Structure formats: C-alpha cells, structure tokens
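J.: So that we are looking at the same thing, I have put the structure below in structure tokens.
The values are calculated or read from the model by the stated rules, or taken from the named source; none is laboratory data. Quick caveat, the model's predicted, so the values are computed rather than measured. Here Cβ is always computed from backbone atoms with ideal geometry, including for glycine, and neighbour counts include all displayed protein chains.
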Amino acid sequence: MTKREEYLEQMLLLMEQYGVRGLTMEQIAQKLGITKRTLYNYFSDKQAMVTAIMDYFVEQRLLDIKQFISSKELNAITIQTTLMTCPELQHKKMSPILIRSIFENFPELFTKYDNLRRETVREFFVHNVEQGIEEGLYHRDFDPNIISQYIFRTFDSFWVDIMDKQEDKELLNNAFCQIFCCILRGLVTPQGSGILEPEIKRIFNK
C-alpha cells in the first residue's frame, strides 16, 4: 500500500466520523500526522480530496467483491446471501451519514458516483439472475433485465428513505436483508428454495 493509499483510508475514517465539512484541511493534516503542505501535495483542495477518497473506495469495494466471489465456487443464491452477511465485506460499506454529507456538500460528485452505483448494481443483478436461471435455482420465465430493474428500483427507493432518516449501518443492513430475502423467495424454484431457506435461517438465527 502506498502512502497516498494509507492517507485515503485514514481520511475515509475521518469523514465517516466528522463528515466532509467537519474538518479543515489543516485539521486533517494534523490528524494524519503530516504537514498541511504535504497534504496539499497530494490533494489541491477539499473537493479533490473527497473525489480521490470516493475513487479509491469504489475501486477497492468492487475489487473486494470480485475477489471474494472468484475465490469461491458459489451458486447464485449463496452469492447473494453471502454478500449480505459476510463480515469481510460488510465493514467496508460506506455509511449513509457520510453519503448524505457528500450529497449535501458536493452534489455533482454525488451524482457521478450515484450513477456509477446504479449501473454497477444493475449489471450485478442481471448477471446473478442469469446465473440462477442457468443453475435451475431461479424460475426460467423471469426476464433478467426486468427483474433486475425491479430489484434495483426497490432498493433505490429504500436507500433514499434511509438516507433521509440517517439510519446507522446495522439497521440499514438488517432491513436490506429482510427485504431481499422476500424478493429471493419469489424468484427461486423448489430446488432454489432448498438452498435459500437454510440461508435465511442462518442470517436471522431462527
């Protein structure tokens, strides 16, 4: 990991704690243990810094998910339930409070990454539905593009509501799991149900 990447990870933690406007560049430099001049050598201003943090976060998040999935031979259902609950991935989610802070202070930057999020999530769901149909775990009479759009819109409206309420990560993830398990129950074949139901019991400890 380079020094720049170390700073980006530390600054992400600071933004989660203080928001994007909670600290000046000088205060950020102090908390990083470097001079303000050194910080400005890496980032010309606050917006450049936030942009770099978002770029790094998105890149690392996508890489983590791809590496996690490719390292295991998982069926479509287990991919979904594992991504919902895996501690290795859950702690790397960006908090709703921070996302709202970016939305309020850097709306153009928020729009850029929100569009990327939308396309990435949509493509993931399309691929997952196609995989599930091929494996015989999802019903074949579903159109992957239509179903993926439905799933995405459901969570998109839910995400906006959570942002407005500024809920914490734990509540957000629990609600996400419950809603998504309901959607999966509507997708799965009897064969898929045999995989999904034990996973649901595992997730909710029932």
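J.: Might you let me know whether region 168-179 holds any residue that is modelled with pLDDT under 90 and touching a Leu at 6+ places or on another chain (Cβ under 8 Å)?
T.: No; the residues of region 168-179 include none that is modelled with pLDDT under 90 and touching a Leu at 6+ places or on another chain (Cβ under 8 Å).
J.: State all residues of region 17-30 that are out of contact with any Lys or Arg (no Cβ under 7 Å at 6 or more places or on another chain) and exposed (fewer than 15 other Cβ atoms within 10 Å of the Cβ); if no residue qualifies, say none.
T.: Result: Gln17, Arg21, Gly22, Thr24, Gln27, Gln30.
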